[in-house]
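No lab work stands behind these numbers, since they all come straight from the coordinates. No experiment lies behind these values; they were computed from the predicted model shown. FYI the Cβ positions are ideal-geometry reconstructions off the backbone, even for glycines, and counts take in every protein chain you see.
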Amino acid sequence: MLSSRVRSAAAVMLIGVAAFATIGESSEDSGKSANPAPNAGATTGDVAEESSDAASSSSEPIPVGTATRVAKGWDVTVNSANLNADAILAADNQFSTPEAGSHFVLVNVTVANNSDEPAMAMTNVSLSMLPASGVAIDSTFSCVASVPDALDISASMQPGAVATGNVCFEVKEAEIATSLLLGAPTFTLDEAEDQRFFAIQ
């Protein structure tokens, strides 16, 4: 009985160590940038040859069109942004109206799975809008209505797969011009180190 309990405790400890090791690898790798895989046959090794360090801060964000490693094996590129997409969302759903003094902002992004495992973007990459106030805006609670050409973060992406679509945020009009897209691993031990700042214009 005692040996059985010892074995069970050891198994639990090994699982915990493996989980922390996985998160640690994400933190180590998130500082690299790479171009999205050109086709579904691309491998992690192919991407590694093109990777380079990417400086990123709120004062020096990553330029539009630059693919950047946000989480282990996962790259994000901001393609463009519509800073006042009120009419677009209203055309899709007449009840989609922002609060007074705010506008819907659509950010078109590309997410690439350059890891060697199939997974969902939402379990690896977290995207939010960062206004000058420093309080991040989550798209899940920001735009509750349907979003045209939305990025499907819940779809399973095979290694080498690339997905492009819109992410919606409701932002105060006075803060839109200085807002950035914030990208980070969904799970991280050091968010300050791992977060990446993207320009949207």
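Please find, within the range 156-192, the residue that is farthest from H103 (Cα to Cα) out of those that are touching a Cys at 6+ places or on another chain (Cβ under 7 Å) and of a type in the set (A, V, I, L, M, F, W, C). Going through the qualifying residues, I end up with C168. The residues of the range 137-160 that are buried (at least 17 other Cβ atoms within 10 Å of the Cβ), out of contact with any Asp or Glu (no Cβ under 7 Å at 6 or more places or on another chain) and part of a loop (DSSP other than H, G, I, E, B), listed by number, are V147, L151, I153, G160.
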